[in-house]
Every structure is written in C-alpha cells, then in structure tokens.
1. Would you mind stating whether Leu357 is surrounded by 13 or more Cβ atoms within 10 Å (Cβ to Cβ) and over 33 Å from the mean Cα position of the chain (by Cα)?
2. Just a yes or no: is a residue in the stretch 77-97 surrounded by fewer than 19 Cβ atoms within 10 Å (Cβ to Cβ) and part of a loop (DSSP other than H, G, I, E, B)?
3. Quick one: in the stretch 330-350, of everything that is surrounded by 15 or more Cβ atoms within 10 Å (Cβ to Cβ) and among the small types (Gly, Ala, Ser), which residue is nearest to Arg275 (Cα to Cα)?
4. Can you name the residue in the stretch 98-110 that is within 23 Å of Gln171 (Cα to Cα) and either buried (at least 18 other Cβ atoms within 10 Å of the Cβ) or in contact (Cβ under 8 Å) with a residue 60 or more places away in the chain (or both) and, of all such residues, is farthest from the chain's Cα centre (by Cα)?
5. If you scan the stretch 9-49, which residues turn out to be aliphatic (A, V, I, L, M) and part of a helix (DSSP H, G or I)?
6. Which condition does Thr91 not pass, out of (1) of a type in the set (Val, Ile, Thr); (2) farther than 16 Å from Asn159 by Cα; (3) in contact (Cβ under 8 Å) with a residue 60 or more places away in the chain, if it passes all the others?
7. Among the candidates Arg203, Arg186, single out the residue that is modelled with pLDDT under 85 and within 24 Å of Asp260 (Cα to Cα).
8. Would you confirm, using the coordinates I've provided, whether Ile48 is more than 20 Å from Pro251 (Cα to Cα) and of a type in the set (Val, Ile, Thr)?
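The values are calculated or read from the model by the stated rules, or taken from the named source; none is laboratory data. What you see is a predicted model; the values in this text were computed from it and never measured. Note that each Cβ is placed from the backbone with ideal geometry, even for glycine, and that neighbours are counted across all protein chains shown.
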Amino acid sequence: MSNDLVRAEVIHSSRTWVVKVGSNVLAGPDGTLDHDRVRHLADEIVAIKKSGRRVALVSSGAVGAGMGQLGLKKRPQDLPSIQAAAAIGQTYLMRAYEDAFKSHGYHAAQILLTHSDFDSRVRYLNMRNTIHALFDFQAVPIINENDTVSVDEIKFGDNDQLAAMVSNLIQAELLVILSSVDGLCRPLPDGQGFGEPLSLIARLDDDALGLVTDSRSSLGTGGMGSKLASARLVTHSGGNVIIASGKRANPLTTIMGCSDVGTLILAEGQTRAARQRWIGLTARPKGSIRVDEGAKLALIQNGGSLLAIGISEVEGDFEKGDVITISDHHGVEFARGLANYTADDTRRIKGLKTDQLRSALQASAVYDEVVHRDNLMILPR
C-alpha cells in the first residue's frame, strides 16, 4: 500500500484526536501570546469537530503568556519564577482560547494535571470520565501541566509526554504534535543541515531514533527526542502519531485532508485496552521484580501469571495494588503489572512454591499469584 493510502486510512479511521501545540507555535516574534494564532488554531479544531470527530487539545504556552504579561524577555530560570509566570499566563491563555472558541459556539474547558493524577487509578478514571463528558457537552478540553504546583517528582518533563498520556487515557486513534519543525528529517550527507521530513515511519526502530538531534527551543522544553519518546507511548498502545509544523498554513485541516504533511508514525500491534495502557505505559512503577528465564517464558509465550517461584530479586518499597516493573535475570524490563503483595511479603515468598507461599504468609496468603495475568502487560520490544 502506498504512503498516501496508508495516511488516508489512518486519518479516515481516527475519530478521536489529541492535538498538542508547543509554546513556539503560539508565540509571536516578541515571545508573547499571539492571539491570531490562537484564533486560527481554534478555527481548525472546530472544523475537525464539525467533521464528526472529537478533539482534546494539550496546550503549552502558559509560561510564555505570563512572560508577555510581566514584560520578561527571557524564560525565567528558577522554579518559583517559572511557576509565577505560569500562574499569570494560564489565566491569560485560557481567556484567549475561550474567546476564540466562543465565537463558534463552543466552550474552552481547562484541565490542569500533574503526573500524580495519572498514578492514581481512581483519579485516572475520573479524568477520563470528565473529558468524555466535555465531549458530550460540545466543549473543547484544553489540558496543560499544572506548572504552579509541579516539582521534579511529579513533572511530566514536557507537554509531549503529557499529550501521549492523554492520548492513551482517552484511547485516541491519532495524536498530532504541532511543533516548530515539520517532522523528523534525515541529516544531509555533508552534515550541513537536514533534508525533507520523512513522510512515514512504520516502526520507531534504532534507525529512526538515530536521526534525532535533541535541541531545545527558546520557549519550549522538548526537542525531537522527547517527541519520539512520546510517540512510542502512543504507537505501542495502538495509536498513530503525526509530527508537523504548527507554523505552516492550516496544519490541522491539511492533515484532515490526508495531505502529505509532517511525519506519520504508525501504530505497532493491536490496540490495547485502557486498563493495560494505564498499567504498562502510564502509571509510574513503585518497585521492581527480577525473574528467572522460566518465569519470563511463562509470561511472554504462555500468557501466564507471575508466581513466587520464578522471582529471584525484589527492589523498592511497594504496596499491594502498586504498579511494578518485571525484569529478566539481566535486569531488562519486559513487563509491568499490579502487585498482589507488598514488597516485604514478596521478599518473604520469592522462590517459593505455592504451598510454601501459603505457609510463609499464613492469613496474608490471599493470592497464589504475585501478579495475575489480567493485571499484567508485556511491553513492546
């Protein structure tokens, strides 16, 4: 199948989109918020919605908008100043979006998140239900990191990762990342610059990842490496990703028209259920378990559960119900799952047969499995 037909099939089959727009796309030459670009972006999102699709917008720009309001010429370097600029800019940014969407009869709905919101299963489900309710109310969810409270322990790092996690949250078929570059490009043979962007990447293998030069822009925080890492989260869950320039004319409606714009990265494998996406690709692990080769084969090839007898090492301080990583005897992670026992209890039963597990834990021996297969996800290779 030709690249054009592949692209057309992806676009036509994608009924839910997540659009991520970077700081530099929304900023004017002086670094302040460009209201014309906000209005134009809203016009395009409305056009997508009127085609019968649902759209969630992950928008950077709060810090840049705050810089404009404060008269700052450079992005602040210390955390309190960054968070202060974000607090001022977020209100300004949302007012611009509300004005832009209101002219079309839609509302802009603000959702501010931190990584800890995705770690909690209850909050994760609440987020998903809220976003779906906003779709029903014909509102546009506008999602951003809650910069005013985020610290290193709960930060996403950049909104590329947040956009990928939102895509998995609502099981969007397509994530469009609008950036200041028009996709992933191969370096020229002489090393002086880059060629045209790759139209299609069927798989994010070492060859594709080797093309990355991870530069950062003056207002944004994520380079191409960040975008491809985020793309992997989506493609491994069964979604597709397009990385394109948000500064070209009509980028979203051009994409909707199936034109060859930016770089399309195809989904790998089957679409994964929402619960598996949360376990394997969203929630941050609280600990890890290392298993022997027999246990690894039982999990990967036979679809089995993880039993205590196959466990060789336990690391971390996790509780029952926490997400943990599962690695082979070389320490290479190949799966994630929900722990049925605490870290201390898992250490007590590692290497034991099932009847020995019951004797060791007595009344605490509620499960025969340390991780049940229904609560386990094998990670893509």
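1. The answer is yes for Leu357.
2. Yes, the stretch 77-97 contains at least one residue that is surrounded by fewer than 19 Cβ atoms within 10 Å (Cβ to Cβ) and part of a loop (DSSP other than H, G, I, E, B).
3. Among residues in the stretch 330-350 that are surrounded by 15 or more Cβ atoms within 10 Å (Cβ to Cβ) and among the small types (Gly, Ala, Ser), the one nearest to Arg275 (Cα to Cα) is Gly337.
4. Of all residues in the stretch 98-110, those within 23 Å of Gln171 (Cα to Cα) come to 106-110.
From the residues that got through so far, the ones that are either buried (at least 18 other Cβ atoms within 10 Å of the Cβ) or in contact (Cβ under 8 Å) with a residue 60 or more places away in the chain (or both) too are 106, 108-109.
Working: Tyr106: 26, Ala108: 21, Ala109: 20 Å.
Here the residue is Tyr106.
5. As a first pass, look at the stretch 9-49 and keep what is aliphatic (A, V, I, L, M): 10-11, 18-19, 21, 25-27, 33, 38, 41-42, 45-48.
Of everything in the stretch 9-49, those that are aliphatic (A, V, I, L, M) and part of a helix (DSSP H, G or I) turn out to be Val10, Ile11, Val25, Leu26, Val38, Leu41, Ala42, Ile45, Val46, Ala47, Ile48.
6. Answer for Thr91: the failing condition is (3).
7. Numbers: Arg203 fails: modelled with pLDDT under 85.
The unique qualifying residue is Arg186.
8. Values: more than 20 Å from Pro251 (Cα to Cα): no; of a type in the set (Val, Ile, Thr): yes.
No; evaluated as a whole, the condition is false for this residue.
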